[in-house]
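Take a look at the structure below.
Nothing in this text is a laboratory measurement; each read-out follows from the coordinates by a stated rule. Since the structure is predicted, the reported quantities are computational estimates derived from the model, not experimental observations. Counting neighbours? That spans all protein chains shown, and the Cβs are built from the backbone with ideal geometry, glycine included.
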Amino acid sequence: MRRLLICGLLVLVIGIVIGGIARADEPWPGVDDAVVGKLATEAGRPPREPYINTGQGDLQLFCFLMAGIIGGFIIGYQYRELFSPKAK
């Protein structure tokens, strides 16, 4: 009986949270906007456009893919030196 009550309350809380998120008029600000941007503005350095804007389309996903491929290749190539026991 106690488990059923806890599960019911959990479902209710999750439903309220999801409903609140779905009904929000504006998106929640990220850490960059809410914290870093605020501190930078207070320090006299207002935000500016980035040199390479990766927020357009799938460019950011492509950059993460390429970084993963390059990092995986380097770790795979150096696997024996990184993870084999050292000879004395």
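Given their separation in residues at 0.36 nm each and the Cα-Cα distance between them, LEU59 and LEU39 gain 4.4 nm when the chain is fully extended.
Footprinting exposure proxy ranking of TYR51, TYR79, fewest other C-beta atoms within 10 angstrom first, gives TYR51, TYR79. In a simple Cβ point-charge model (Lys, Arg +1; Asp, Glu -1; nothing else charged), the chain has a dipole of about 680 debye relative to its Cα centre.
Tell me which of TYR77, MET1, PHE64 sits at the most positive position along the dipole axis of the chain, charges placed on C-beta atoms (Lys, Arg +1; Asp, Glu -1). Of the listed residues, the answer is MET1. Would the chain count as rounded, prolate or oblate if I go by the C-alpha gyration tensor, calling it rounded below 1.5 in a/c and otherwise prolate when a/b exceeds b/c, oblate otherwise? In terms of gyration-tensor shape, oblate.
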